[in-house]
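Here's the structure we're looking at; comments come further down.
Every number in this text was worked out from the coordinates using simple rules, so none of it is lab data. These numbers come from a predicted model, not from an experiment. Note that each Cβ is placed from the backbone with ideal geometry, even for glycine, and that neighbours are counted across all protein chains shown.
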Amino acid sequence: MAAKTTTEVLIAGKVYKLGGYETEEFYQRIASYINNKIVESSGLDGYNKLPTDMKATLLQLNIAEDLFNTKKKLEGLESNMADKEKALYDLKHELISMQLKMEEMDKKIKSLEEENHELQLNKARLETSLEDALFGKKQ
């Protein structure tokens, strides 16, 4: 298990001491995200006139909205990945099937080439026999 880390972060002008099993960089990124959400909310009409608890609730709602949107996007990506994995499996299965058919066709081609060779030799023998029978053997 990773060692517990402690770090100080600055959120909305206040220093907070955070501890856990993540890296300091991770906690700084979280603080930066929250600070950006605060700045984003501050730009809304009437935000600065709201009581502190309402501002905190609005911030929580915005963060929750981001979380739910990210989860929805993740679910879509996971579904897309599952579809692609199934398609990949199907393509691999089709490839193996085609390779087996190709091997069978290669065997058939080789067999037909051998048969053709034998037939040509037989034809040559028959032509020679026919010539001998028709013209007599040359002496």
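A few notes on this one:
- Qualifying positions in segment 1-24 - out of contact with any strand residue (DSSP E or B) (no Cβ under 6 Å at 6 or more places or on another chain) and free of Cβ contacts under 8 Å to residues at least 12 places away in the same chain: Gly13, Lys14
- Considering the conditions (1) over 18 Å from Leu67 (Cβ atoms); (2) in contact with a helix residue (DSSP H, G or I) (Cβ under 7 Å, 6 or more places away or on another chain), Ile11 is excluded by exactly one of them, (1).
- Residue pairs whose Cβ atoms lie under 8 Å apart, sitting 6 or more positions apart in sequence or on different chains, and linking a residue in segment 25-49 that is within 11 Å of Ala12 (Cβ to Cβ) to a partner that is β-branched (Val, Ile, Thr), are Ala31/Val9; Ala31/Ile11; Ile34/Ile11; Ile34/Ile63; Asn35/Ile11; Lys37/Ile63; Ile38/Ile11.
- Taking the criterion of being part of a helix (DSSP H, G or I) and either among the aliphatic types (A, V, I, L, M) or in contact with a strand residue (DSSP E or B) (Cβ under 6 Å, 6 or more places away or on another chain) (or both), the residues of segment 36-48 that qualify are Ile38, Val39.
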